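Remarks on the structure that follows.
Please treat every number below as a calculation from the coordinates, not as lab data. As the structure is a prediction and not an experimental result, all values here were calculated from the model. Cβ coordinates were reconstructed from backbone atoms using ideal geometry, including for glycine residues, and neighbour counts include every protein chain displayed.
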Amino acid sequence: MPKKILIIDDDPVVVKYLTAVFSDNGYATCSATSSMEGLDVVKKEKPDLICLDLQMPGEWGPRFYRKLRKDKEFKDIPIVVVSGIDGDHAIKDAVAFVKKPFDPEKLIGIVKMTIG
Amino acid sequence: MDKKLLLVDDEEGIRKVLGISLSDSGYTVFSAENGEEALKIFRKETPPIVLTDIKMPGMDGIELLQKIKHANPDTEVIMITGHGDMELAIKSLKYQAVDFVTKPINDDVLEIALNRAHEKIRMRQQLREYTENLEALVREKSAKLIEIERQVAVGQAVEGLSSAMRNIAGDLEGGLTYFNEMPCFVSVHNSKLKIVAINPLYKERLGDKVGRNSWDVYAPKTGAKFRCPAEQTFKTGKGQRTKATIKTSNGDKAPVIVHTAPIRNQEGNIELVVEISADITEVKRLREELRRTQQRYQQLFDEVPCYISVQDRQFRLTAANRRFKEDFDVEDGAFCYEAYRHRDEPCPNCPIAKTFEDGQSHQAEMVVTSKAGKKYNVLIWTAPLRNTVGEITHVMEMSTNITQIRQLQDHLSSLGLKISSISHGIKSLLAGLDGGVYLMDTGFEKEKPERIKEGWDSVKTILSRIRKLVYDILFFAKERELKWDRVDVLSFVDDVAATVEPKIKAKGIEFVRNFDSALGAIDIDAGVMRLALINILENALDACIDDKTPKSHKIVFDVHQNEAQIVFDINDNGIGMDRETRENLFTLFFSSKGNKGTGLGLFIADKIIDQHGGKISVESKSGRGSSFKISIPKRIPESVKATSEKPASK
């Protein structure tokens, strides 16, 4: 069974882009366009890795992250931050910070290193 | 040049070989095989250069060196050392050897050492010549001085003249400074009351009266009481001072002050009288002219479109022009930094201090505070004021108010700020564009028309967003349009606190959240308000980090409410601020953090709070920490909503 990646980004174009990049490389994907929705999808889909944007309307990425980590079941899901702003201190244990605009091959490289 | 050289070595071979090569170089070589013999030859021949081995039986080279230097300190001694005798070589340098060469002796090295010795001898000679020249110069100058003094030896006439002149000078306000400008009629009278000599001005204005009676020049209407000053002087034997009227050669009359002084012969009898008259009208005219000039300067001083002040070394304001006095408090003896910047001590980088130091003009730009509390950006120029001997006693400071230019700059900078705030948007757009292109590329590759279409749709979406963005920039709104939202205060401040807390704790500083549990909701643009609060919290953090006192630091983030407002209190016990920092806190590009600060943070925070119809206030003392109080209305005032929702692009 392919590994599953959850994409959280408020920009549908970016979601579409990431979905295409990941599925072209043999991963299953699911997505959410807000933090709140993201938490629901995590519970439902139980992804192997989360690709998270920081700046979103409503609740920002860091808030999603804190809520996620409170749940024991999800406290170890690796997170890759893909964002246009600097937020190194906001997500303590992120696997990597990828700045937009990003190089898809580099991103895939990071994901492969993390979940195979 | 004296090319005698004494060569001392216990090895005959070295004496011979070195002796030959030194003779070839033109030296008259004397050689000795030990210290005692060397000293004998030295006393007899006094060669300027001695070349000696260090290790010799009996008296060694070092001892010989000391003895030679003692006998004739000008002798230059070069030491010959065996391989590895570095310590001895250095020791010899301590005893004033000019250089050392090591065995086996290299001709080039020896030549360098000899040149050094010659150089030293030559320098010493030159120095001696200079000193002797100097002495000759002093002798010459003192001879001249004596001659001058002889010339200066004054006779009675000169003395009388100068005392009379001093009297006149005393009558004129400016003192001796104006003496050159002063029109004086000088005449000398003999005991028969005849004029015997006059000065050129006298001759020009009053006519050549030599040989005439002493009282001839005076107008008859001076009255019966008038006595001829020269006559009075002969009678009383004392200098006179009186007012009189004289007739000029063209028939005019002029009021004068007359001074006389008796000139006595060696027996003490009055032989001559010097009479000096100063034309009062002329003096009056000069005084008037001076007054007018001063007035013109005063006018210029007061009316120039800048602040001018004159300050002494303590930065005390000794003069200030009208404009300066209008805008700043200038009490007697006020200090520049008090009047200008409400500081307790001189400002760092004070251009006045620099001018006092180097006598040059300096420039600086500063933010000053007027007595009405207004902030002005001023460009300051300084110029030294010197006294007659050229010492700088005061510095003049001219400051041009460039506040308007700065405001324009502020505006431009806020434009820049907005552009940077949309840079996140631009990055996302680029990512999106990459996405569209990726879908199309892979679509063509995999021959999936659906994917190509999907990609093209993305590109189109992004294009329309770019278009909107470009229009936004082109029709740039004057104020950033706020995105109002009803936000739950508690979760908002929780979020803000969580963003800064790790940073604060990482520095070992205590962070206290003190939130009212029933805060309810507030109308804000959460994104920008978050930015404002984070800016202030991060400042509190910096203030604690910069405080080097050993106390434990604490930042308290307190959020409570009153009827209409949510109040955010951010308190720290860090370094605190002085009055100047407090007053400039919200000025664009004002930073108290040196290179660490951009000067943008609190400027933005202030703007954001203002846009929310809120208030920010600061209390702080140096060394005691700071507290910021931000009050934001729970409901946006309609006025605020109206202005911020009205896009200025339309």
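Backbone phi angles across segment B:5-16, fed through the Karplus curve with coefficients 6.51, -1.76 and 1.60 (θ = phi - 60°), yield HN-Hα couplings of 9, 9, 10, 10, 7, 7, 8, 5, x, 5, 3, 5 Hz in residue order; Gly and Pro are listed as x. Measuring against 28 Å, Cα to Cα, the residue pairs B:Lys144/B:Lys194; A:Lys67/B:Lys629; A:Lys43/B:Lys453; A:Lys70/A:Lys99; B:Lys325/B:Lys629; A:Lys75/B:Lys629 contain B:Lys144/B:Lys194; A:Lys67/B:Lys629; A:Lys43/B:Lys453; B:Lys325/B:Lys629; A:Lys75/B:Lys629 as the ones spanning a longer distance. Could you calculate the FRET efficiency of B:Arg292 with B:Arg227 from 1/(1 + (r/R0)^6), where r is the beta carbon distance between them and R0 is 35 Å, rounded to 0.05? After rounding to 0.05, the efficiency reads 0.40. Other residues within the sphere of radius under 10 Å centred on the Cβ of B:Ser428, judged by their own Cβ, net out at -1 (K and R +1, D and E -1). Around the amide H of B:Ile636, modelled in the peptide plane, lie the amide H atoms of B:Asp523, all under 5 Å away and 5 or more residues distant in sequence or on another chain.
Quick one: Cα convex hull volume of the protein assembly as shown, Å³ per residue?
Numbers: hull volume 325.5 nm³, N = 766.
Normalising the Cα hull of the protein assembly as shown by residue number yields 425 Å³.
Taking a ≥ b ≥ c as the square roots of the eigenvalues of the Cα gyration tensor of segment B:277-381, is the shape rounded (a/c under 1.5), prolate (a/b larger than b/c) or oblate? Prolate. The aspartates and glutamates whose alpha-carbon is closer than 17 Å to the alpha-carbon of B:Lys634, local same-chain residues fewer than 8 away aside, are B:Asp485, B:Asp488, B:Asp516, B:Asp523, B:Asp525, B:Asp558, B:Glu563, B:Asp569, B:Asp610.
In this structure, the amide hydrogen of B:Phe328, modeled 1.01 Å from its nitrogen in the peptide plane, lies closer than 5 angstrom to those of B:Lys371, counting only residues at least 5 positions away or on a different chain. Extension gain, B:Ser142 to B:Arg635: 0.36 nm times the residue separation minus the Cα-Cα distance gives 168.1 nm.
Size of chain A from its Cα atoms: along the principal axes, largest to smallest, the extents are 31, 30, 24 Å.
Once the Cα-Cα distance is subtracted from the 0.36 nm per residue extended length, the B:Glu267 to B:Thr131 segment shows a gain of 43.9 nm. Phi angles of segment B:457-463 translate, via the Karplus equation with coefficients 6.51, -1.76, 1.60 and θ = phi - 60°, into HN-Hα couplings of 4, 4, 4, 5, 4, 4, 4 Hz per residue; Gly and Pro are given as x.
In straight-distance terms, cross-link reach from B:Lys192 covers every one of the lysines whose alpha-carbon lies under 18 Å from its own, apart from those fewer than eight places away in the same chain; here that gives B:Lys209, B:Lys235, B:Lys238.
Starting from the Cα-Cα distance between B:Leu412 and B:Asp107, subtract it from 0.36 nm times their residue separation and give me the gain in nm to one decimal.
Value of the extension gain: 102.3 nm.
If r is the Cβ-Cβ distance from A:Asp103 to B:Ala564 and R0 is 56 Å, what FRET efficiency results, to the nearest 0.05? Don't jump to the answer; show the numbers that get you there.
On the way: r = 51 Å, r/R0 = 0.92.
That gives a FRET efficiency of 0.65.
Annotation: aspartates and glutamates with alpha-carbon distance below 16 angstrom to B:Lys507 (same-chain offsets under eight excluded): B:Glu538, B:Asp542, B:Asp546, B:Asp547, B:Asp572.
Would you mind giving the mean number of other chain beta-carbons within 10 Å of the Cβ of each residue in A:97-103, as a whole number?
Working: counts 0, 1, 2, 9, 10, 5, 1.
What the average comes to for A:97-103 is 4.
Placing a label point 7 Å from the Cα of A:Lys4 along the Cα-to-Cβ direction, the residues of segment A:63-84 whose backbone N falls under 18 Å of that point are A:68-69, A:71-80. Here, segment B:1-148 yields an orientationally averaged convex hull projection of 10.3 nm² when only Cα atoms define the hull. For segment A:71-116, the share of alpha carbon pairs falling in successive 5 Å distance bins from zero is 5, 20, 27, 23, 17, 6, 2 percent. For segment B:4-125, the relative contact order comes to 21 percent (Cα pairs under 8 Å, sequence separation of at least 6). Site pair B:Val437 and B:Met86 shows an inter-label distance of 6.5 nm when each label is modelled 7 Å from Cα along Cα→Cβ. In this label model, B:Ala521 and B:Lys44 are separated by 12.1 nm, measuring between points 7 Å along each Cα→Cβ vector. Between B:Gln96 and B:Arg285, the modelled label-to-label distance comes to 7.5 nm, taking each label 7 Å out from Cα in the direction of the beta carbon. Taking every residue in A:8-19 and counting other chain Cβ atoms within 10 Å of its Cβ, the average works out to 6.
DSSP beta bridges fully contained in the protein assembly as shown are about 65 percent antiparallel.
Between B:Glu119 and B:Ile392, what's the calculated FRET efficiency when r is the beta-carbon distance and R0 is 56 Å? Round to 0.05. Spell out each step's value before the answer.
Details: r = 43 Å, r/R0 = 0.77.
Efficiency, from the Cβ-Cβ distance: 0.80.
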